[in-house]
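Structure record follows, encoded as structure tokens.
Every number here is computed from the coordinates shown, using simple stated rules; none is lab data. Just so you know, these numbers come straight off a predicted model, no measurement behind them. Neighbour counts are summed over all protein chains in view; Cβ atoms, including those assigned to glycine, are modelled from backbone coordinates with ideal geometry.
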Amino acid sequence: RVSSFHAHPDHYTFWYVSMNEGENPMGSNTVVVTNENFEDVVIKSKALILVDFWAEWCGPCKMIAPILDEIAGELSGQLTIGKLDVDTNQATAMSFGVMSIPTMMLFKEGKPVATIVGFQPKAQLLGKLMPHLTPAKVAA
């Protein structure tokens with residue numbers, strides 16, 4: 001929910017995102033990724049995983065969170081979306097060269113295969129993710 005937003009053609013000048021009290025910034029369809037569980041959850045996984053590098057204070061991160069949660073629900077079984085807070089998990093963010101947030105990194109069989117930086121509308125995100133998804137089997 002954006003309370004105030006002003007966009008300049010070349011850059012965003014002000015973001016303020018508010019959440020209702022008790023609203024989960026993580027979303028109900030995403031998983032928490034940390035320095036401690038990154039290896040097990042992401043690197044050792046055979047599944048396709050999109051890791052969202054974010055922070056609590058980041059307006060664009062809060063704007064994209066419900067979109068990512070929605071995509072996670074819609075593509076359940078094909079894609080897992082993990083959320084890694086860069087403030088509390090700096091080592092992992094630094095090891096992948098994350099310089100700005102939100103940064104979303106797509107991992108396939110433990111290796112990064114795509115990186116998306118900045119807020120993206122849902123259609124744009126899906127357009128970047130779809131080439132990496134296994135086509136669903138069509139019932140005959």
- Query: Efficiency by 1/(1 + (r/R0)^6): what FRET value for E109 and E36, r their Cβ-Cβ distance, R0 = 30 Å, to the nearest 0.05?
  - Reply: 0.90
- Radius 15 Å from Cβ of D52, net charge of other residues (Lys, Arg +1; Asp, Glu -1): -1
- Report the chymotrypsin sites (Phe, Trp or Tyr not before Pro) located in segment 41-94 that are in a DSSP loop and have at most 10 other Cβ atoms inside 10 Å of their Cβ, or state none. W57
- Query: For L126 and A47 in one chain, what is 0.36 nm times their gap in residues minus the Cα-Cα distance, to one decimal in nm?
  - Reply: 26.7 nm
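For the cross-link pairs K83/K108; K62/K122; K62/K111, which exceed 18 Å when the distance is taken from alpha carbon to alpha carbon?
Cα-Cα > 18 Å for K62/K111; rest within.
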